[in-house]
Amino acid sequence: MSDPTATIIEQHPSVVVVRVRADRLDETNLTAVRSEVSAAGQASPHLPVALDLCNVAFVPSLSLGGLVQLAQIFKARGQRLVLANLQPCVRQTITVTRLDRLFEIQD
């Protein structure tokens, strides 16, 4: 792959949008996604970060754990992390595992 980034980062006046490029959030890209989302948040600590998962159709349990850790990092620094544009099966996985109580989710 010519572009090694796992995400596309868009800086807006009121939010930083981090769009995952892959159709799966798994062990092959989880570390890179977490690192890029965390760095985007650190670069704009006064803005919320929206993790746009519109391309992601599958999130295994290991990756859910990674998202939980990411949410804890953002919470510790007092910054909002919002999961956005979830595909129905990803949304269902988050709901069934009751992680919808932990994450802020926007369509």
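The values are calculated or read from the model by the stated rules, or taken from the named source; none is laboratory data. Everything quoted here is computed from the prediction, not taken from an experiment. Neighbour counts are summed over all protein chains in view; Cβ atoms, including those assigned to glycine, are modelled from backbone coordinates with ideal geometry. Accessible surface areas use protein heavy atoms only, side chains included; no ligands, DNA or RNA. Shrake-Rupley method; radii C 1.70, N 1.55, O 1.52, S 1.80 Å.
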### Task
At 7 Å along the Cα-to-beta-carbon direction for both ASP100 and PHE58, put a label point, then send me their distance in nm to one decimal.
2.3
### Task
Quote the relative contact order of region 1-101 in percent (integer), defining contacts as alpha-carbon pairs under 8 Å separated by 6+ residues.
27
### Message
Apply the Karplus curve 6.51 cos²θ - 1.76 cosθ + 1.60, θ = phi - 60°, to the phi angles in region 30-47 and return the couplings in whole Hz, x for Gly and Pro.
### Response
4, 4, 5, 4, 4, 5, 5, 5, 4, 5, 5, x, 5, 6, 9, x, 8, 10
### Query
To the nearest 0.05, how large is the calculated FRET efficiency for ARG91 and ARG21 if R₀ is 22 Å and r is the Cβ-Cβ distance?
0.65
### Summary
Rounded to one decimal in nm, the spacing of the 7 Å Cα→Cβ label points at VAL68 and ARG80 is 2.4
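If the only charges are +1 at each Lys and Arg Cβ and -1 at each Asp and Glu Cβ, what is the size of the charge dipole of region 20-107 around the Cα centre, to the nearest 20 debye? Could you put the intermediate results ahead of the total?
Working: 9 positive and 8 negative charges, 55 e Å.
For this selection, approximately 260 debye.
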## Note on the structure
Calculated from DSSP helices alone, with each H run of at least 4 adding -39500 (n - 2.57) and the total divided by the residues of the chain, [θ]222 nm to the nearest 500 comes to -11500 deg cm²/dmol
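Find the accessible area per residue for the chain; the probe is 1.4 Å, ligands and nucleic acids are left out, and the unit is Å². Kindly include the intermediate steps, with their values, before the conclusion.
Values: 5980 Å² over 107 residues.
With all protein chains present, the chain gives 56 Å² per residue.
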### Message
Only four residue types carry charge here, +1 at the Cβ of Lys and Arg and -1 at the Cβ of Asp and Glu. Report the dipole size of region 20-67 about the Cα centre in Debye, rounded to the nearest 20.
### Response
60
### Task
Could you work out the longest stretch of the chain that avoids the trypsin sites (Lys or Arg not before Pro) located in DSSP loops with at most 16 other Cβ atoms within 10 Å?
22-76
### the chain, accessible surface, carbon-and-sulfur percent (1.4 angstrom probe)
54
